[in-house]
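Worksheet: the structure to be examined is printed underneath.
Since every read-out is calculated from the coordinates, none of them should be taken as a lab result. Small disclaimer: the values here were computed from a predicted structure and weren't measured. Here the Cβ is made from the backbone with ideal geometry for all residues, glycine too, and neighbour counts use every protein chain on show.
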Amino acid sequence: MEEPRLLTRLHANCGVEFRNIAFPLEHYLDLNTFQKSNDAWIKVAVDLGQKSICRALDHAGVSPADISAIFFASVTGISSPTVDARLINRLPFPVNIKRTPIFGLGCVAGAAGIARAADYVRAFPKHIALLLSVELCSLTWQDDDQSIANLISTGLFADGSAAVVVAGAETEIAKRSSGPRVIDTRSTFYRNTERVMGWDIVDTGFKIVLSPDVPKVVEQNFPGDVEGFLADNNLTRDDISSYIFHSGGPKVLDAMQTSLGLPPDALAPSWKSLREVGNLSAASVLAVLEDYLKIHPGKPGTYSILAAMGPAFCSELVLLQW
């Protein structure tokens, strides 16, 4: 761009110190059409998705043959057959596995995917579901788009993948697991906010829609969403021991934190994830969840709220009990 100092300043304000991307930077020069970028997305998404699934299943002590349903969330590429179907050809999943590809939910899809997987195992308590998210945001960057939204997105978003095993209450894994239980979920849609966040689909692929009003929408809606959700479960904010929030960016995290009146260190794992890996879209909240599972688990009986917001504009809340 003509004024590189502007780009440096914008990227410095993103709060991201390190990111992973799918390819070496010079390789992106050749990805100059939507088809080339999307073909690259399919290849990397399948490879990376397989690694994430294998790690999650190994950690849970189950095999692909034990999975009854798979939910796949991504907003950075498209394919038919979908990535989850391609992975069934690589891994020994049951041939009658139920598949639910999720496209278009963007950043909120990590929390929404957990909620939909929890709905499934609530209906089928002897089953085990798997959520996979692969987001390759670097393959959506638009070289000829000099808008502030695109310049910010090139410094904020990154590539990554995560998988989560969600087990029904009557499975052996649920009986021996030390992980949290999904108590309740809540989806909230904010009418007439289509231009707050999303994509414009153009000849060269996905062109970012990112309004500066995102923090304002969070401040206006998120506290009420949380309070109403907790009240319906006979809880208040005082009952929540931790908040597992999507690392949307500094302004979004600040809006979540201040609007809920949280102490300065309440979202430390979310800030850490943003700093160390960037915004991974749907996979971000899953990366933050991993931090809580491995490093900051709740005490038995305590509650956590897992949350993300994304295109529509909308929010997804998941109430967890350890």
Filtered pair list for the stretch 181-321 (Lys only, Cα < 22 Å, 8 or more apart or interchain) has a length of 5
Of all trypsin sites (Lys or Arg not before Pro) in the stretch 117-181, the ones in DSSP coil with at most 14 other Cβ atoms within 10 Å are 126
Chymotrypsin sites (Phe, Trp or Tyr not before Pro) in the stretch 2-56 lying in a DSSP loop, each with at most 14 other Cβ atoms within 10 Å of its Cβ, come to 18
Neighbour-count ranking for 284, 178, 138, 68 (other C-beta within 10 angstrom, fewest to most) reads 178, 68, 138, 284
Dividing the helical contributions, -39500 (n - 2.57) per DSSP H run of n ≥ 4, by the residues of the chain yields a 222 nm value, nearest 500 deg cm²/dmol, of -11500 deg cm²/dmol
The rounded separation in angstrom of the Cα centers of the stretch 43-63 and the stretch 266-322 is 20
Of the candidate values (1) 62, 42, 36; (2) 59, 48, 35; (3) 60, 42, 41, the one computed for Cα extents along the principal axes in Å from this structure is (2)
Proximal lysine pairs in the stretch 4-176, meaning Cα under 21 Å and 8 or more positions apart or interchain, come to 4
The longest stretch of the chain containing none of the GluC sites (Glu not before Pro) that sit in a DSSP loop with at most 14 other Cβ atoms within 10 Å is 18-169
